[in-house]
1. Enumerate the aspartates and glutamates that residue 14 could reach by cross-link, defined here as Cα to Cα under 17 Å, with residues fewer than 8 away along the same chain left out.
2. In nm, what is the difference between 0.36 nm times the number of residues separating residue 156 and residue 119 and their Cα-Cα distance?
3. Cα centroid distance between the stretch 10-33 and the stretch 128-149, in Å?
4. With just the Cα atoms of the stretch 62-127, tell me how far they stretch along each of the three principal axes, in Å, largest first.
5. Which one of 54, 85, 20 has its Cα pushed farthest toward the positive end of the charge dipole of the stretch 1-114, where Lys and Arg give +1 and Asp and Glu give -1 at the Cβ?
6. Answer rounded, prolate or oblate for the stretch 99-148, using the Cα gyration tensor with square roots of eigenvalues a ≥ b ≥ c: rounded when a/c is under 1.5, else prolate when a/b is larger than b/c, else oblate.
7. Any idea what the dipole of the stretch 16-141 comes to, in debye rounded to 20, about its Cα centre with Lys/Arg Cβ at +1 and Asp/Glu Cβ at -1?
8. Below 8 Å between Cα atoms, with a sequence gap of 6+, how large is the relative contact order for the chain in percent?
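The values are calculated or read from the model by the stated rules, or taken from the named source; none is laboratory data. The structure displayed is predicted, hence computed values, not measured ones. When we count neighbours, we look across all protein chains shown, and the Cβ atoms used for this are built from the backbone with ideal geometry, even at glycine. Please note that ligands, DNA and RNA were not included when accessible areas were found on the heavy atoms of the full protein model with its side chains. Shrake-Rupley method; radii C 1.70, N 1.55, O 1.52, S 1.80 Å.
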Amino acid sequence: MEKTNVMRLLAAAKIDFVAHEYDPDLTDGNAVAAALKQDPDHVFKTLVTTGATPRSYYVFCVPVNQTLNLKKAARAVGEKSIEMLKQKDLLGLTGYIHGGCSPIGMKKKFPTVINDTAQLFETVVISAGRRGFQVELSPEALAKYVPAIFEDIIEN
């Protein structure tokens, strides 16, 4: 299997992970989870937002079968409001394209929040930084490496 930058970063940090590969034409998170034979509750997508404060960006990781609650997310990062980053701005800001965005290895470190349900699992699956590749690792190891906090940030 090809190694992505995310895999190299995790290996260099001596963080245990399992690499997964899937059809890169799959763009729906639930389809990716099914292709990997994983519970969609433990496969996380990475969402990038911008805050009301000028030039403020935040990263949120939520299960692929859930929706980010923008009010809860704003509260978690101390913003009055946040909105999703425009897709055309994603590559320039993070170094990643839509469908291959990982909280690991972005161009800059942004405040990151992982939905607290990640703590219910021994491992979570996140993008390995390229379409067609995912990595599975401990949510605590992910939170420590990124760094991130755990909060309830999904719609109920």
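1. Partners found: 136, 140.
2. 11.6 nm
3. Cα centroid of the stretch 10-33 versus Cα centroid of the stretch 128-149: 9 Å apart.
4. 33, 30, 22
5. 54
6. Judged from the Cα gyration tensor, the stretch 99-148 comes out oblate (a/c at least 1.5, b/c at or above a/b).
7. 800
8. 29 percent.
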